[in-house]
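The values are calculated or read from the model by the stated rules, or taken from the named source; none is laboratory data. Fair warning: this is a prediction, and the values are worked out from it, not measured in the lab. Positions of Cβ are backbone-derived with ideal geometry, glycine not excepted, and every protein chain shown enters the neighbour counts. In case anyone asks, the SASA skips ligands and DNA or RNA and just uses the protein heavy atoms, side chains included. Shrake-Rupley method; radii C 1.70, N 1.55, O 1.52, S 1.80 Å.
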Number of protein chains: 4
Amino acid sequence: MNTFGRKFRISIFGESHGTAIGIVIDGVQPGIALSIEDFQTDILRRKSGKKGTTPRIESDQPEILSGVYNGFTTGAPLAIIFHNQNTRSGDYKLFNDVPRPGHADYTASIKWLDFNDPRGGGHFSGRITLPVVAAGVVAKKMLGFNIGAQLIEVGGVSRAKALASRPEAALPDGGVEEKEELSDSQIWSDVLDEAIREQDSVGGIVECTVNGVPAGLGEPFFDSVEALVSHAIFSIPGVRGIEFGDGFESARMKGSVHNDPFDEIGSGNLNLHVNVRPSKNGAGGINGGITNGNPIVFRVAFKPTSSIGKAQKTFNFATGEMTELEIPGRHDACIALRTPVIVEAMTAIVLADLTRML
Amino acid sequence: MNTFGRKFRISIFGESHGTAIGIVIDGVQPGIALSIEDFQTDILRRKSGKKGTTPRIESDQPEILSGVYNGFTTGAPLAIIFHNQNTRSGDYKLFNDVPRPGHADYTASIKWLDFNDPRGGGHFSGRITLPVVAAGVVAKKMLGFNIGAQLIEVGGVSRAKALASRPEAALPDGGVEEKEELSDSQIWSDVLDEAIREQDSVGGIVECTVNGVPAGLGEPFFDSVEALVSHAIFSIPGVRGIEFGDGFESARMKGSVHNDPFDEIGSGNLNLHVNVRPSKNGAGGINGGITNGNPIVFRVAFKPTSSIGKAQKTFNFATGEMTELEIPGRHDACIALRTPVIVEAMTAIVLADLTRML
Amino acid sequence: MNTFGRKFRISIFGESHGTAIGIVIDGVQPGIALSIEDFQTDILRRKSGKKGTTPRIESDQPEILSGVYNGFTTGAPLAIIFHNQNTRSGDYKLFNDVPRPGHADYTASIKWLDFNDPRGGGHFSGRITLPVVAAGVVAKKMLGFNIGAQLIEVGGVSRAKALASRPEAALPDGGVEEKEELSDSQIWSDVLDEAIREQDSVGGIVECTVNGVPAGLGEPFFDSVEALVSHAIFSIPGVRGIEFGDGFESARMKGSVHNDPFDEIGSGNLNLHVNVRPSKNGAGGINGGITNGNPIVFRVAFKPTSSIGKAQKTFNFATGEMTELEIPGRHDACIALRTPVIVEAMTAIVLADLTRML
Amino acid sequence: MNTFGRKFRISIFGESHGTAIGIVIDGVQPGIALSIEDFQTDILRRKSGKKGTTPRIESDQPEILSGVYNGFTTGAPLAIIFHNQNTRSGDYKLFNDVPRPGHADYTASIKWLDFNDPRGGGHFSGRITLPVVAAGVVAKKMLGFNIGAQLIEVGGVSRAKALASRPEAALPDGGVEEKEELSDSQIWSDVLDEAIREQDSVGGIVECTVNGVPAGLGEPFFDSVEALVSHAIFSIPGVRGIEFGDGFESARMKGSVHNDPFDEIGSGNLNLHVNVRPSKNGAGGINGGITNGNPIVFRVAFKPTSSIGKAQKTFNFATGEMTELEIPGRHDACIALRTPVIVEAMTAIVLADLTRML
């Protein structure tokens, strides 16, 4: 239930305000150089603190309990934990009785009755994606593929449009490059300001591209690349949709437009497969569930953060009456800001498993 | 690789033009009345023959090899096969050398080398969804939920718009009801006619709704309802995207709009959960991966059929030269027409597994 | 529940007196030459008809439904079925009410209630091992290891002792070799004659040796070679015990006697691992769950056949009274006679899976 | 690879001399009272320190990282770790070059090359069974069955014979009861003294009995109770054999002797199944893979500890020459002394999984 993968297999555990959260990663190849430093970049990308993210800041320092010896993975399971520190559990007790709209408070109480740990969302918390990011770092090191995810839309405003509206755009030359250095929080600053001002939240869309993936990964049906990637991606809290290549738009295309005609991309190689490639990648790099050598491309829709300060109707199960709820505490106005690295991690985990299953 | 589920578990096999295709269904509850007749309605819904579907017509008669005794399931695995009859394998030999754009010909030849059975798409064929439909029938009988999928868009034209354009709409009274009796092929007749005329194909979008599903099915992460449903749905050939509830549109909503405020839907019941329900179902019936008692709602995008008569660029691996391909034979101009029942089947299979895992 | 393996995965189905029994084998490598003839030798070894086995003779002709094209495996799932023909279901109806001692009649009726198919033992029948033998044939072809199982004891009489007692032993020269040509039924003829005369049954012990298996297969804990082999072996009806290498006797040895000292078995090879090997193989070819390059050796105890003609006490659940039962019909006086090839098949299936998971 | 179970699922990790060893237990029912104290008895039973066990003494204090809230399990994964403290890694470095006979040093170096952590046996260490014992405690609390394992033989001397030879046996009255209070180390004191004096080791046999298990657990083939129990038991380092009920002896019995005739064990209950039971339990409580309501009974053979002080032949892979090895450090003269609680734990884990899968 909290396990994913066949040969590169992860098991997650932990609650937002418990002692520690963590992950066991089984099936790691022996001999991969691995140190605490390797995790810093990706963990930082997921971290909160910038505009639009919660002011709860955790140190997020991983501790490797097993599986590494003399700086290299051994082949035995890798266990990584993160101690929880900056917890304010008082904020959450209420939600056992008064479930927050859009949250798992209600369904958790049905599934696990009164025994669910409600503090900070407990095991349902997005914080559990932190160990997933750690597993993603390990998977990326095993793969060597170039996996890159970025926000392409926040609150309905595309990256291009948001960039164009930045005052820095007035810079006389090199403007575009400089703007690229802006953080996502800066690029969508106007959208975020409005949401924060209204004590509301916004969603976003992440696009992920994998370059360098070889042809031949995946299986025709239940282990198709799309099936496994979507399985992993929908395990990230807040995801509402996923589409590959031309995605939903493909349903409005003619076959002659959507199909990828094969094209020569080189010549002279005796292995003709090196010379030929589907040309326009409307399939997102996958045919019949199997990678075709093109980049894998997919987009993921994240809903607006459920926790908002604005008053919402809900039900008080203690009193049996309808009530209004203004959620106190520290929220992300846009959780999507922190998700690209999680999307990358889940993708890397799936591809590491598929690669090991070859 | 061709298996899905933990306790209600299916294993599919077969090739489009081989001896037979089939499925083994493990974990069926004993005591379910089951006869060949039970399969007819759903098999008929998947069948070709109407406008926009291939003229290859198979008898599609299931044969139950095991698991049923005296008209009831026994608890032992249910094996169901369908003999292939109406095969014209001559049509397909070419595609080993000249892969069809958008098809698995190319990736299959990379994965399984020259040993892949290319006839009719072999194991990659959409025909393998026929036994899945049979498993769906069994799952539906076990569940008793009301699972209904229907096409809501074909070739970019919504159901409402397509209906409005039918000449039958001119009928003076009762027009709408009568139109509802139209088959999908009739409703989108104009769209299909154009595609057929152009020797091209169109895609479509299917919406699936599950009523009567209890709250509490699913798990927070890797066995979330969305994760498992999407895994199964992306195992259907031709799927490019899936979204739950408000879906991609949720990424453009404010939290205060997307969140489902709880509402009283009744009163007087001592079990307050019966009286209360998230109100607008933007979450598609699922919070934190777990059903909340509302209907499950999701939409699936099907790409236009890959096989088209229209000329397409491709590569001839035998000659090492680019070429044009006009795919001969019998195609579906819109494969999406045949998919609602497959979407239902996959959904039923997932829910049967989740129910048995409770 | 009826599935085994991760990457080389089998799913079995069928009842003894149903339409057909069969198996789906997933994860078969593409390109393995495979025809109906390949199955004949092993199927014949499992077949009944000789002294001590049931006179029910089935044609046991496999039909390959999928996964083979032009004489080679394709990479897609291989489905093989055997039609049941020589069934006399009348023999079995009684056992729903009056369970046979030692049989699954009683536990099946608890698990699957009245829906269990009792005919010929239904899904619990040893006949379901026939498709397992077929899967073993495929696994053996993939592996190329030399897997050999033989009966070493029947009814408490060792092979050596039974051979010594044969009248043919009096032959003046070449006696031993000629005796080796005797079938197991002939070697233990006296033991079997006595059991048949008494309308009783006897058990036996099978020893299996795998030569040519490389070092490095298996995992330290739950996927240790012993764990997986024993899992598969205990899936054969009638198994009561398994032991590897020195087995139970090792519990009575000193460490200095049981341990395998390493020995040079060659020299000059730059890869020293080729020159060195644990010497006496008390570990049965496995250390820490992982093959060490020595032959894998284990023994399996089969209980005496449960079905006997001799009167036994049992309970009549229809009348609520104790009763005596003399089981009519056709039985194996020694089911163990037919099991060596099944033990080989299960072993091959495990090793094929471990090899594919490397 | 380090995971076991379908719905009650454990994942183990850690190395003997690493930071910590631990386990993640998924599928624990919510609402089970659980505290650190619950683990003490079973952990103590596994602990070393008595005669015949290693003088390395660890505090073996479990730390619960997740899954418990306010003293009850929540339904989320339970993560339990044990920090390693009393490690002397210097003892082990040699064994990378000079593998210890009977150990996994050799196979680990083949599988994981030079990256294997050799300290204290690394991930192959019997110490990894400590978290398994912890999982067993949780499983036992979920089940409420009475699972009891005890040593019945050490170094070839049965419990009865060892007891009879104790000087305390001379006590005039009540002698037997008092002797029952003796620890296993005391009962087999003579056997252990001899092994220690010779710097050698001895093995033993453990018998496990489960009372109170309901009829109907298990499946006919691959998930038969024997298959799953043996899978788990062979995951304990040092196991060489397992047998159920009459075990290997059944292979020497007639069917009329081995079969369990049904007997009335009560009367008057309308549910006749309550009144009837197979009488002599030669099947060890299992028919056709499914529990029959009798106690489950099986025996496990443990080999003598591999690590001995006595000189043994081995090969020095650094010098390429044969050598003699006297293993320094702290060993168990009889590892079997510490295993009954591990056998219980594995059994409980299997039964918890089967119970949750019902």
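Summary of values
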| quantity | calculated |
| --- | --- |
| Cβ charges +1 (Lys, Arg) and -1 (Asp, Glu), total dipole of chain B, debye | 440 |
| Total formal charge among the other residues, if their Cβ is under 13 angstrom from that of A:Ser267, Lys/Arg +1 and Asp/Glu -1 | -2 |
| Where A meets B: accessible area buried, both sides, 1.4 Å probe, Å² | 8500 |
| Residue-count net charge about C:Arg240 - beta-carbon cut-off 9 Å; Lys, Arg +1, Asp, Glu -1 | -3 |
| Nearest-first distances (nm) between copies at A:Glu181, label 7 Å from Cα via Cβ | 7.1, 8.1, 9.1 |
| Sequence of A:Ile110, B:Ile296 when ordered by accessible area, the most exposed leading, probe 1.4 angstrom | A:Ile110, B:Ile296 |
| 222 nm mean residue ellipticity, helices alone, for chain B (DSSP H n ≥ 4; -39,500 (n - 2.57); rounded to 500) | -7000 deg cm²/dmol |
| Å³ per residue enclosed by the Cα convex hull of region D:255-358 | 219 |
| Region B:189-254 and region A:280-358: distance between their alpha carbon centers, rounded to Å | 16 |
| Contact order normalised by residue count of region D:225-358, Cα under 8 Å, 6+ apart, percent | 25 |
| Across the identical copies, how the B:Ile265 labels are spaced - nm, sorted shortest first, 7 Å along Cα→Cβ | 4.7, 4.9, 6.8 |
| Inter-chain Cβ neighbour average for residues B:61-68, partner chain, 10 Å | 5 |
| Normalised alpha carbon radius of gyration of region A:1-107 [divisor 2.2 N^0.38 Å] | 1.29 |
| Sum of side-chain charges, B:Asp97 neighbourhood, beta-carbon under 12 Å (Lys, Arg +1; Asp, Glu -1) | -1 |
| Bins of 10 Å from zero: percent of alpha-carbon pairs in region B:114-160 | 20, 26, 33, 19, 2 |
| Translational D in µm²/s for chain C (Stokes-Einstein at 37 °C, 0.692 mPa s, Kirkwood Rh from C-alpha pairs) | 149 |
| Rough spin-label spacing in nm, given labels placed 7 Å along Cα→Cβ, for B:Gln199 and A:Gln61 | 6.9 |
| Probe 1.4 Å - accessible area at D:Met322, Å² to nearest ten | 60 |
| Distant alpha-carbon pairs in region B:16-173 (separation over 19 angstrom), percent | 66 |
| Rounded accessible area of C:Ser267 (nearest 10 Å², 1.4 Å probe) | 100 |
| Gyration tensor (alpha-carbon) shape descriptor, region C:179-260, a/c threshold 1.5 | prolate |
| Alpha carbon Rg of region C:199-310, scaled by the compact-globule rule 2.2 N^0.38 Å | 1.29 |
| Reduced Cα scattering model of region C:197-243, Debye log10 I(q)/I(0), q = 0.24 Å⁻¹ | -1.04 |
| Test item: C:267-278 mean partner chain Cβ contacts at 10 Å | 3 |
| Shape call, region A:92-223: gyration tensor on alpha carbons, a/c limit 1.5 | oblate |
| Most positive-pole-ward Cα, A:Gly102, A:Phe13, A:Pro77, against dipole of region A:1-155 from beta carbon charges | A:Gly102 |
| Inter-copy separations for C:Ile152, label at 7 Å along Cα-Cβ, nm, ascending | 2.2, 6.5, 6.7 |
| Residue of chain D whose Cβ sits closest to the axis mapping D onto B, with distance in whole Å | D:Arg6, 3 |
| Cβ crowding within 10 Å averaged over residues, with B:268-281, B:69-82, D:220-233 ranked highest first | D:220-233, B:69-82, B:268-281 |
| Burial ranking of peptide ranges B:139-150, B:94-105, C:98-109 (average Cβ count within 10 Å, highest at the top) | C:98-109, B:94-105, B:139-150 |
| Separation between Cα centres of region C:80-123 and region D:13-29, rounded to whole Å | 44 |
| Residue-averaged beta-carbon neighbours from other chains (10 angstrom radius) around C:77-83 | 5 |
| Largest-first ellipsoid semi-axes for the protein assembly as shown, taking √(5λ) over the Cα gyration tensor eigenvalues, angstrom | 52, 39, 32 |
| C:Asn96 versus C:Glu326: modelled label distance in nm, points set 7 Å from Cα along the beta carbon direction | 2.6 |
